[in-house]
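Colleague: Below you'll find the structure I mean.
No value in this document is a laboratory result; all are computed from the given coordinates. Because the structure is a prediction, the values reported are computed rather than measured. Quick reminder, even Gly has a Cβ in these numbers, built from the backbone with ideal geometry, and neighbours come from all protein chains shown.
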Amino acid sequence: MAAKILDGKAIAQKVREEVREGVARFAAAHGRPPGLDVLLVGDDPGSVTHTRNKEKVSNELGMRGRLHRLAEGTTEAELLARIAELNADDAVDGILVQLPLPGHLREHRALDAVDPAKDVDGLHPVNAGLLALGRPGGLAPCTPSGCMRLLAEAGVPIAGARAVVVGRSNLVGKPMAALLLAHHATVAIAHSQTRDLRALCREADILVAAAGKAKLIGGDWIKEGATVIDVGLNRDEAGKLVGDVDFEAAKERAAWITPVPGGVGPMTIAALLATTLRAAEARAAKLPP
Ligand code: GUN
């Protein structure tokens, strides 16, 4: 079987247009655009690029996107004070603390300080807890939300499907598994200690690869007719961008597959902005998202 390509670029464009319309409606109703504030501590080049992109795209869609650059030597107290200011600012609907933070700053202290109603990353324990409990009213991390949208766009049945998520990060693996479970999949989470990962992957109707290891998952690890969502973004020996899945081999067996680049990547910012709009609407209505 030659897989159909799940075109993240095209679907992200569709999500962006939905967000653009929602932003215009919100601005007309409330006299201000939704606000997304991104905090970056330090100068990590990858993080600088990512956060600039979040600022740029949010503004392109009519939001008030702001990137706050904080010096590498920022203290925890200074970072928490900036977060408290943004929590208190009614024009701020979404707050994102870019990770990783420099080593002297404790990630959980920063993430726990964000108002859960503005936590568009879904990393506050309240939001992670609501998702783990399968309760509505929380905000979910953007990459898994984008993956769920890809599955929905392809019309992939989730209820009753066997899903394997490779990777257990708080940003992707765990929330991805919780979202799939909330949609009634039978979910396994695999990680670096998993025995016989190949055999587990071969059972997956839906395989989500989020391990961060170039071509970890070979073509013969894919069940015939599976849907493969590749969250990985790695460089191979030749410097080429590749996913966690051996795309060329896997596409011969899968029914649907995301390419790298052009699959999950473009969905991430689109999903973040959709979540920001939802957070803004919920705050304005004084309801949980
Ligand atoms: N670093 C890489 N991806 C992300 C993300 O989605 N959110 C945050 N806060 N940091 C990141």
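Colleague: Go through the range 250-273 and give me each residue that's of a type in the set (A, V, I, L, M) and within 14 Å of the ligand (Cβ to nearest atom).
Modeller: Val264, Met267, Ile269, Ala270, Ala271, Leu272, Leu273
Colleague: Same structure again: Look at Leu171 and say whether it is buried (at least 20 other Cβ atoms within 10 Å of the Cβ), within 13 Å of the ligand (Cβ to nearest atom), of a type outside the set (D, E, K, R) and not in a helix (DSSP H, G or I). Steps first, answer last, please.
Modeller: Working: buried (at least 20 other Cβ atoms within 10 Å of the Cβ): no; within 13 Å of the ligand (Cβ to nearest atom): yes; of a type outside the set (D, E, K, R): yes; not in a helix (DSSP H, G or I): yes.
It is false that Leu171 is buried (at least 20 other Cβ atoms within 10 Å of the Cβ), within 13 Å of the ligand (Cβ to nearest atom), of a type outside the set (D, E, K, R) and not in a helix (DSSP H, G or I).
Colleague: Related question: Suppose we keep only residues that are closer than 24 Å to Arg283 by Cβ and in a loop (DSSP other than H, G, I, E, B) within the range 82-101. Which one would you say is farthest from the ligand (Cβ to nearest atom)?
Modeller: To start, the set of residues in the range 82-101 that are closer than 24 Å to Arg283 by Cβ comprises 82-99.
Pick out the ones that are also in a loop (DSSP other than H, G, I, E, B) and you get 89-93, 98-99.
Numbers: Asp89: 19, Asp90: 22, Ala91: 21, Val92: 16, Asp93: 16, Gln98: 5, Leu99: 4 Å.
Applying the filter and picking the extreme gives Asp90.
Colleague: Then there's this: Given the structure, is Thr74 β-branched (Val, Ile, Thr) and either in a helix (DSSP H, G or I) or within 15 Å of the ligand (Cβ to nearest atom) (or both)?
Modeller: No: the conditions fail for Thr74.
Colleague: OK, next. Pairs, please: C-beta under 7 Å, at least 6 apart or cross-chain, first residue more than 10 Å from Pro34 (Cα to Cα) and in the range 87-103, second more than 16 Å from the ligand (Cβ to nearest atom)?
Modeller: Between residues of the range 87-103 that are more than 10 Å from Pro34 (Cα to Cα) and residues that are more than 16 Å from the ligand (Cβ to nearest atom), the close pairs are Pro102/Glu72.
Colleague: Provide a single number: the residues in the range 102-154 that are within 11 Å of the ligand (Cβ to nearest atom) and assigned to a helix (DSSP H, G or I).
Modeller: Here the count works out to 8.
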